[in-house]
Amino acid sequence: MSGLAISTTGLVHIYRAHGHDVAALSGIGITVRPGELVGLLGPSGAGKSTLLQLCGGLLTPSAGRLQIGEHNVATMTEAELDRMRAGDVGIVLQGAGRNLIPYLTPADNVRYAQRAAPRDRQLPSPADVLELVGLREHADAALTSLTPGQIQLCAVAVGIATFPGLLLADEPTSQLDHHARDEVLAAIRTINAETGMTVLLITHDPEVAATLPRTITIRDGRIASEGRSGEEYAVVASDGSLPLPPHVAELLPAGTLVQVTTDDGEIRLTAVEQEGTQ
């Protein structure tokens, strides 16, 4: 198997709330290469979960382009989206219990998740899936006998039951102690490294984010910055706008005039007074 790429251009999602249209995403443009492990960061309500659900075909884009591998998600029918989720895209919803049937064992939960896969697809055994997340010895255990961390690992196993090309995980380490959190994160890294599966996950935990090779921060429905190998970068949008890092934005109140100058490849931003004098 190989990982699926993600590509979005001008991605917009608008929903209706209290009689008003609200833009959850406003022109998102990202590219994730096959096999990458990427974290989505940002405050609550920024649009992270909306982007994840759009990538999983759970929501329909209001405008823009969204490509998952060879799938043009914006133009797909519900039946086509169902088939995509059944074989090519695995989803781990926030809250482990939402992904599991409580009266089934881990192995049976994996088998159940494999039922909708295309008939011509060669599926891994439940034992092999559980081996990847470190739960093979608990394959036939009752879920009630598992720790919170093991239950979350089981939810991840269900998400990768068909060995999809893309795994989408919404806060897979939330509400876990540090030991369990690290176990889940290690399992996701193993999945990514051993299968080549592309992984896009949401996290609010700065310690988790610091361990990821790449992060994308969303604020107010737009890409605010990217982190790569511990360095944070602002991202120029397709319309030429450039969101400022929070520590810089605090120094430049809304309405501040900023002079942009270039000199030998160096770009300088200088705040000026309203009267035009520095």
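The values are calculated or read from the model by the stated rules, or taken from the named source; none is laboratory data. The model shown is predicted, which means the values in this text are computed figures rather than measured ones. When we count neighbours, we look across all protein chains shown, and the Cβ atoms used for this are built from the backbone with ideal geometry, even at glycine. The protein model used for the area step is the full one, side chains on, heavy atoms only, and it has no ligands, DNA or RNA in it. Shrake-Rupley method; radii C 1.70, N 1.55, O 1.52, S 1.80 Å.
Here are a few things to note about the model shown:
- Some residue of the range 186-199 being part of a strand (DSSP E or B), surrounded by 20 or more Cβ atoms within 10 Å (Cβ to Cβ) and either touching a residue at least 60 places away in the same chain (Cβ under 8 Å) or not acidic (Asp, Glu) (or both): yes
- Among residues of the range 227-256 being among the hydroxyl-bearing types (Ser, Thr, Tyr) and open to solvent by 100 Å² or more (accessible area, probe 1.4 Å), the one that is modelled with the lowest pLDDT is Ser238.
- Every residue from the range 35-73 that is more than 14 Å from the chain's Cα centre (by Cα) and within 19 Å of Gly196 (Cα to Cα): Gln67, Gly69, Glu70, His71
- Options Gly97, Gly90, Gly64: the member that is touching a Pro at 6+ places or on another chain (Cβ under 6 Å) and not acidic (Asp, Glu): Gly90
- Selected residue [part of a strand (DSSP E or B), crowded, with 20+ Cβ neighbours inside 10 Å and among the small types (Gly, Ala, Ser)] from Gly57, Gly27, Gly39, Gly64: Gly39
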